[in-house]
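The values are calculated or read from the model by the stated rules, or taken from the named source; none is laboratory data. All figures in this text were calculated on a predicted structure; none of them were measured in a lab. With ideal geometry, Cβ positions are generated from the backbone for all residues, glycine too; neighbour counts draw on all protein chains shown.
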Amino acid sequence: MTAHSLLQMRNNGGAPSKLNESKVEPNTYSPGKDLADTNPGGSLESTPTSRAQARQAVRIHNRAIRLAQGRSMKEQTPSTQNRRAPSSTIQITLEINGAAHTLEIEPRVSLLDALREHLHLTGTKKGCNQGACGACTVLCNGDRILSCLTLAIQYEGMEITTIEGLGTAGELHPLQVEFMEQDGFQCGYCTPGQICSAVGMIREFRNGLPSAVTKDVSARPVELSEEEISE
Ligand code: FES
């Protein structure tokens, strides 16, 4: 009983006010409530009229829900579209293992993904994808590079060599032969990267590039010592 009803009772000498006792408190919309009001017997199924009204109320209720859901989806659409900006692609041509390959790719594609996902040259491996493991090493104009840290579009006009281009099944590269004869594998996953890196390292040595363990960096190293090889 509300405070307002108590006040009415006091004004009526203690008798409850019929008007206020029958008053319905404000409430949220409930399908069928109006029907109950029109059906004093309390049963919605008691007459054909009340059944028809009940069905109509349910239809209105369901339609209101569908409209609300539709509006909510429309409201979400612009922000969803903003998050997914339409991608734009460019055409590039890469020289890989002596053959030209034209690709239609997004500018953000790494050289590693261009090799593996677009050209299906899966000999180059994806390990850490952040420049730490070396599994993705390939040669660019003879220099070793980490293909996961480079964009494919940077290498147009340069000569890329992957493990597939170093040797063939019938004629392996000498370093591939050595890896097999010396059982130079661990799990083998990064072996292509190791071999490409070793080929690049030998070229660097021949070009006189010092390493972190070269004692005299001004002198051209004449010997590929154990220490240099380890480094
Ligand atoms: S995948 Fe590890 S350095 Fe590129």
Based on what the data block shows, is CYS187 at pLDDT 95 or above and within 16 Å of the ligand (Cβ to nearest atom)?
no
Would you confirm whether or not the stretch 152-159 contains a residue that is surrounded by 22 or more Cβ atoms within 10 Å (Cβ to Cβ) and out of contact with any Phe, Trp or Tyr (no Cβ under 6 Å at 6 or more places or on another chain)?
yes
Looking only at the stretch 126-173, filter to residues that are closer than 24 Å to THR93 by Cβ and charged (D, E, K, R); which one of those is nearest to the ligand (Cβ to nearest atom)?
LYS126
Scan of the stretch 97-123 for residues that are on the phi < 0 side of the Ramachandran plot, touching a residue at least 12 places away in the same chain (Cβ under 8 Å) and part of a loop (DSSP other than H, G, I, E, B), ordered by number
GLU106, PRO107, ARG108, VAL109, LEU119, LEU121, GLY123
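For every residue, the table says whether it meets (1) free of Cβ contacts under 8 Å to residues at least 40 places away in the same chain; (2) touching a Ser or Thr at 6+ places or on another chain (Cβ under 9 Å); (3) under 23 Å from ASN141 (Cα atoms); (4) basic (Lys, Arg).
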residue	(1), (2), (3), (4)
GLU181	yes, no, no, no
PHE185	yes, yes, no, no
GLY193	no, yes, yes, no
MET201	no, yes, yes, no
PHE205	yes, yes, yes, no
SER211	yes, no, yes, no
LYS215	yes, no, no, yes
